[in-house]
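Trainee: Structure incoming, see below.
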Amino acid sequence: MLPAVGDRLHLTHLSDHDTTTAGQDVIAGLRAAPQKFLPSYYFYDAVGSRLFEQITTLPEYYPTRTELALLEQHAADIAHLTGTCELIELGSGSDRKIRSLLSAYARLQPQLVYRPIDVSGSMLKTSAMTLLKDYPQLWINGLVGTYDLGLDHLPPPLAPHRLLCFLGSTLGNLTPAQCRHLFQQMYRVLHHGDYVLLGVDLIKDTQILLPAYNDSQGITAAFNRNILSHLNWRFQGNFEPLAFNHRAIYNPVAQQIEMYLDAQDKQTVTLAALDFSCTIAASESILTEISRKFWLDALKSDLTAAGFSWVGAFTDPQQWFALCLCRR
């Protein structure tokens, strides 16, 4: 008799809500000069996670559907290359991205362990319960927290090897220095013979790029402003989200989309739980996200420099997106 769904789910909350440490990155970002910024993981409260899922279904937003098609087409190839693995996923969000891989590995092994890491505990639990119903041999040990916390708290593996998945072009949200740090951390926590699978958005024409971050329905704008609503709730703030305009541009030098919130008027912002306030000038901008686009050769060089060996890449016919597999 198979264990009940609830018996196959374990969630560990790693986030530290002690305001002596939490929120210090917000303060640092709002004090930064000449460009204020906010860490993009604050997008993902329950509302932000739902809004992002809506974004991924928009006709202008090509990355998700392109990556999903690649995963469906090549999941069996990836499983064949790696052999038996337990799966780890950074920024798991909903369960759509991982399903093709779970199905491929479920055909290879009688028991499958999946370790999603996500800052949104509600989204993680919801998707986990659905997956457990659909995959009777699946056990989920989720970690609620940031990527750094999750990777540093990985328990010992329960399979010969691990496949660490970082999908959804989320790698592009990290600066080059942050990417190097992440690759070093991956190398440190993984064992010899483990694998990493990266889903990355490739460099392409801005006529394709820009509409993906400036959709006609305004859902990306609502998602962008929701970061302020989340900060209000979490840190007792007084941001007025509707007093900011959404703006997304392409920076050709850095080869990245940059997403901003532009203040319509001068305002004083207070985050009472952090004992912090600052003035935001009229027309002043807050950088909320970058989304870097990649050349495969450059990414291969960065991974090789971090100690990984390049296994291969799967791309769509238009060369818009790539799934990159490497091994520690």
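Trainee: Leaving out ligands, DNA and RNA, what percent of the accessible area of the stretch 175-234 is carbon and sulfur, probe 1.4 Å? Before the final figure, lay out the partial values.
Mentor: Details: 1360 of 2550 Å².
Here it works out to 54 percent.
Trainee: Sequence neighbours fewer than 8 away in the same chain don't count; with that in mind, list the lysines whose C-alpha is under 24 Å from Lys125.
Mentor: List returned: Lys97, Lys133.
Trainee: While we're looking at this one, here's another question. What whole-number value in Å² describes the accessible area per residue of the chain for a 1.4 Å probe?
Mentor: Numbers: 14370 Å² over 328 residues.
That works out to 44 Å² for each residue.
Trainee: Moving on. Can you tell me which lysines have their Cα less than 19 Å from the Cα of Lys293? Leave out same-chain residues fewer than eight positions away.
Mentor: In chain and number order, the partners are Lys204.
Trainee: Quick check: net charge around Cys278, other residues with Cβ under 9 Å of its Cβ, Lys/Arg +1 and Asp/Glu -1? Walk me through the intermediate numbers first.
Mentor: Details: positive: Arg31, Lys36; negative: none.
Neighbourhood net charge equals +2.
Trainee: Using alpha carbons only, how many angstrom separate the centre of the stretch 57-116 from the centre of the stretch 171-194?
Mentor: Between the Cα centres of the stretch 57-116 and the stretch 171-194 lies a distance of 19 Å.
Trainee: Please give the FRET efficiency for Glu60 paired with Asp152, using the beta carbon to beta carbon distance and R0 = 30 Å, rounded to the nearest 0.05.
Mentor: On the way: r = 37 Å, r/R0 = 1.22.
Calculated transfer efficiency: 0.25.
Trainee: Compute the signed sum of charges (Lys and Arg +1, Asp and Glu -1) over the other residues within less than 15 Å, Cβ to Cβ, of Gly29.
Mentor: Numbers: positive: Arg31, Lys36, Arg234; negative: Asp25, Glu258, Glu284, Glu289.
It works out to a net charge of -1.
Trainee: Go ahead and run the numbers for FRET between Gln255 and Gln318, Cβ-Cβ distance against an R0 of 25 Å, rounding to 0.05. Present the calculation step by step, with values, prior to reporting the outcome.
Mentor: Working: r = 18 Å, r/R0 = 0.72.
Between Gln255 and Gln318 the formula returns 0.90.
Trainee: Using only the heavy atoms of the protein chains and a 1.4 Å probe, how would Val5, Val269 rank by accessible area, largest first? Don't jump to the answer; show the numbers that get you there.
Mentor: Details: Val5 40, Val269 0 Å².
The residues order as Val5, Val269, largest area first.
Trainee: By how many nm would the segment from Trp233 to Ile208 lengthen if fully extended, with 0.36 nm per residue of separation less the alpha-carbon distance? Display every interim value, and only then the final one.
Mentor: Values: separation 25, 0.36 × 25 = 9.00 nm, distance 3.50 nm.
Extra length from Trp233 to Ile208 when fully extended: 5.5 nm.
Trainee: Still on this structure, I have one more. Would you please classify the overall shape of the stretch 178-250 from the alpha carbon gyration tensor, given that a ≥ b ≥ c denote the square roots of the eigenvalues, rounded means a/c under 1.5, and beyond that prolate means a/b larger than b/c while oblate covers the rest? Could the numbers behind the result be given before it?
Mentor: Values: a/c = 3.55, a/b = 1.47, b/c = 2.42.
Oblate shape, in that a/c is at least 1.5 and b/c is the bigger or equal ratio.
Trainee: Here's something else I'd like to know. Taking 7 Å along the Cα-to-C-beta vector as the label spot, tell me the Ala305-Leu242 distance in nanometres, rounded to one decimal.
Mentor: Here the answer is 4.7 nm between the modelled labels.
Trainee: To continue, here is another question. DSSP beta bridges in the chain, what fraction antiparallel, as a percent rounded to 5? Can you show the working numbers first?
Mentor: Details: 34 of 59 bridges.
Among the beta bridges of the chain, antiparallel pairing accounts for roughly 60 percent.
Trainee: Please give the direction-averaged projected area of the C-alpha convex hull for the chain, in square nanometres with one decimal. Mind showing how you got there, number by number?
Mentor: Numbers: hull surface 66.0 nm².
Mean orientational projected area (the chain, Cα hull): 16.5 nm².
Trainee: Here's a follow-up. Suppose R0 equals 51 Å; then what is the FRET efficiency for Ala298 and Asp265 from their Cβ-Cβ distance, rounded to the nearest 0.05? All intermediate terms of the calculation are to be shown ahead of the outcome.
Mentor: On the way: r = 42 Å, r/R0 = 0.81.
Taking R0 as 51 Å, the efficiency between Ala298 and Asp265 is 0.75.
The values are calculated or read from the model by the stated rules, or taken from the named source; none is laboratory data. The model shown is predicted, which means the values in this text are computed figures rather than measured ones. A quick note on method: Cβ atoms are made from the backbone with ideal geometry, for glycine too, and the neighbour counts reach across all protein chains shown. In case anyone asks, the SASA skips ligands and DNA or RNA and just uses the protein heavy atoms, side chains included. Shrake-Rupley method; radii C 1.70, N 1.55, O 1.52, S 1.80 Å.
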